[in-house]
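Here's the structure we're looking at; comments come further down.
The values are calculated or read from the model by the stated rules, or taken from the named source; none is laboratory data. A quick note: this is a predicted structure, and the numbers were derived from the prediction, not measured. Cβ placement follows ideal geometry from the backbone for every residue including glycine, while neighbour counts extend to all protein chains displayed.
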Amino acid sequence: MRSDEVLIVVGAGHAGAELAVQAREAGWAGGIALVGDEPALPYHRPPLSKAYLAGQAGLETLALKARATYDKAGVELVAGRRVAAIDRARSQVLFDDGGAMAYSRLALATGGRPRPLPAASEGADAADNFHYLRSLADVDRIRQRFVPGARLVIVGGGYVGLEVAAVAIKHGLKVTVLEAAARVLARVTEPRVSAFYEKVHRDAGVDLRVGVQVSGFELDRAGRLVTRVRCADGELVEADLVIAGIGQVPNTELAAAAGLAVDDGILVDACCRTSAPTIVAAGDCTRFDSALYGRSIRLESVPNALEQARCAAAALVGKERLHDSVPWFWSDQYDLKLKMVGLAQGHDRFVLRGSPEQRSFAAFYLKGDRVLAVDSVNRVPEFMLAKRLVAERVAVDAGQLADESVPLKTLLPTA
Amino acid sequence: MPRITLIEFGGKEHLLEVEAGQSVMQAAIDGMVPGIMADCGGSCSCATCHCYVDAAWVERLPAAEPAERDMLECALHPQDNSRLSCQLRVTAQCDGLVVRLPQSQV
């Protein structure tokens, strides 16, 4: 490999930072530039809605890697600059400040952005107390009003919304969660798991309302602050602080404008190669064919971002590292460690092991005798074993899964 | 700063200077030590930072909390001296600590 080649990584989140450093590890001999539009060193996002919001973790604990690590890996950090376009004919990225940088190979790790709340589009989203939660800057703004006694309205009962609700209640805020669907976590879990989380939050003091559409916002006279959240049924909810968390949109515009194949995600193969020979992509911005599920999927997941980054780094130096790991996710709320393996979509059976009343259970989503996905709450052994059940497509007996006297380990094929 | 040694499965040694208060996992990431994946970023959720603590040090480190013990039970190739490196805080007393990495994390 010629050492005058340059790899540009666009996007400095989990995927981008890992990709840049792993490319060096994998043997990339040329220059590496890691370009991000945020000023900070690449940082851990999961703590933003948890320990960092709670004030338990400082900025210094958030960095993914120390600055010295990038130096050691020969990765140039290009922070605070936004890529506006990719000029494939000239093999350049163009910055929104007018600058340009030439690449030999390009890696897109552009991530996602919060899905905009339609009801906020007429000005509320510019209010000083209306926020989405994705970046460090978002949370730093939220924290200014995240004070005991403040009335917090969270729009969306997904993971981010519920994690924030848990932290806020503990912090002494008055918390209302407005969820449009008939139950929280409706996109990803079974009703009994939703019911469990609804009860946990209500018991903790959250005013949790489901089946509530937010139709608009009332602002103060200056138009600077949201004062009330308006619901479709006419109800008004007083607010000092509003946080909307209704999902994520993949950042695919750069790729699409450059002519790459995009379909709700930058399309990549199992080695994270895009439709353009010199360009790879990794993380939340991608969509790929899952061998495990037999369909194309897009994930919003740190472990997936890291694994794809490793595969993309390998691809850049001509190695094949196939991305076929089982998706997994986690969410910490109160004292509950929710860990999820796999994707439940398409399941036809649901098996509960343990009991929600004991705040310790595992929920299995089956299609026939195959486990598609598992949600585990305070059940680490089940989670670890479930990864194997899902990955190895082990045929299971539903009765044994539900029977706590049968150790889960015995359901795995013996090596 | 305390100095610790990480030994890859293949035997390659990494001597790292670690700021007190950091985890062994973060030190390994910052030191680009292959063999520590740390997919969950240190929240004791994934067991991809599994390591074996040198026998001389096992008793000198604070014992694993139940959550860590649960994870370790199901890690690949667990041993009596298994720990999750994200849960090992480096203190001044850790100078000279030696940990070994497993063959594989996943």
List, please: which pairs have Cβ atoms under 6 Å, are six or more places apart or on different chains, and start with a residue in the range A:315-329 that is closer than 26 Å to A:Q345 by Cβ and end with one that is surrounded by fewer than 18 Cβ atoms within 10 Å (Cβ to Cβ)? A:L322/A:A270; A:H323/A:A270; A:D324/A:A291; A:V326/A:A391
Tally the residues that are hydroxyl-bearing (S, T, Y) and within 16 Å of A:R192 (Cβ to Cβ), restricting the search to the range A:356-415. 3
Need the failing condition index for A:Q56 against (1) of a type outside the set (D, E); (2) within 26 Å of A:T286 (Cα to Cα); (3) surrounded by fewer than 17 Cβ atoms within 10 Å (Cβ to Cβ), just the number. (2)
I need the full set of residues from the range A:84-113 which are buried (at least 21 other Cβ atoms within 10 Å of the Cβ) and not aromatic (F, W, Y), in order please. A:I86, A:V93, A:R105, A:L106, A:A107, A:L108, A:A109, A:T110, A:G111
For the subset of the range B:43-64 comprising residues that are free of Cβ contacts under 8 Å to residues at least 40 places away in the same chain and within 14 Å of chain A (Cβ to nearest Cβ), which member is nearest to A:D335 (Cα to Cα)? B:S45
Restricting the search to the range B:85-102, which residues are within 14 Å of chain A (Cβ to nearest Cβ) and not β-branched (V, I, T)? B:C86, B:Q87, B:R89
Give me the pairs: first residue in the range B:20-33 and free of Cβ contacts under 8 Å to residues at least 40 places away in the same chain and facing chain A (nearest Cβ under 9 Å), second residue polar (S, T, N, Q) and part of a helix (DSSP H, G or I), beta-carbon distance under 6 Å, and six or more apart or on different chains, which are they? B:D30/A:T69
Restricting to the range B:65-84, name every residue that is away from every other protein chain (no Cβ under 12 Å) and of a type outside the set (D, E, K, R). B:Q79, B:N81, B:S82
Checked A:A255, A:A182, A:A166 against criteria (in contact with a Cys (Cβ under 8 Å, 6 or more places away or on another chain) and modelled with pLDDT of 95 or more); the one match is A:A255
Restricting attention to the range A:13-39, and to residues there that are under 19 Å from the mean Cα position of the chain (by Cα) and of a type in the set (A, V, I, L, M, F, W, C), which single residue is nearest to A:N251 (Cα to Cα)? A:A15
For the range A:228-276 the number of residues that are loosely packed, with under 15 Cβ neighbours inside 10 Å, more than 18 Å from A:T110 (Cα to Cα) and not acidic (D, E) is 3
With the requirement that a residue be surrounded by 15 or more Cβ atoms within 10 Å (Cβ to Cβ) and of a type in the set (S, T, Y), what does the range A:370-409 give you? A:S376
When you check A:T110 against the structure, is it in a helix (DSSP H, G or I), closer than 24 Å to A:A23 by Cβ and within 26 Å of the chain's Cα centre (by Cα), yes or no? no
Could you tell me which numbered condition B:E17 fails, if it satisfies all but one of (1) within 12 Å of another protein chain (Cβ to nearest Cβ); (2) within 13 Å of the chain's Cα centre (by Cα); (3) under 21 Å from A:E25 (Cα atoms)? (2)
Go through (1) aliphatic (A, V, I, L, M); (2) surrounded by fewer than 15 Cβ atoms within 10 Å (Cβ to Cβ); (3) over 26 Å from B:R69 (Cα atoms) for A:L412 and report which single condition fails. (3)
Counting only residues that are not acidic (D, E) and not in a helix (DSSP H, G or I), the range A:156-192 contains a total of 21
Any chance A:A255 is part of a helix (DSSP H, G or I), within 19 Å of A:L299 (Cα to Cα) and not assigned by TED's automatic domain parsing to the domain that holds A:V341: yes
Of all the helices (runs of 4 or more DSSP H) wholly in the range A:7-74, which have at least 3 residues that are farther than 23 Å from B:Q22 by Cβ and in contact (Cβ under 8 Å) with a residue 24 or more places away in the chain? A:14-26
With a cut-off of at least 2 residues that are more than 30 Å from A:A17 (Cα to Cα) and within 14 Å of chain B (Cβ to nearest Cβ), name the strands (runs of 3 or more DSSP E) lying wholly within the range A:312-415. A:360-367
Test: A:V212 is part of a strand (DSSP E or B), among the β-branched types (V, I, T) and in contact (Cβ under 8 Å) with a residue 12 or more places away in the chain: no
Residues within the range A:61-83 that are within 14 Å of chain B (Cβ to nearest Cβ), loosely packed, with under 15 Cβ neighbours inside 10 Å and among the basic types (K, R), tallied: 1
Going through A:V188, A:V184 one at a time, which residue ends up being surrounded by fewer than 21 Cβ atoms within 10 Å (Cβ to Cβ), among the β-branched types (V, I, T), assigned by TED's automatic domain parsing to the domain that holds A:G158 and closer than 30 Å to A:N378 by Cα? A:V188
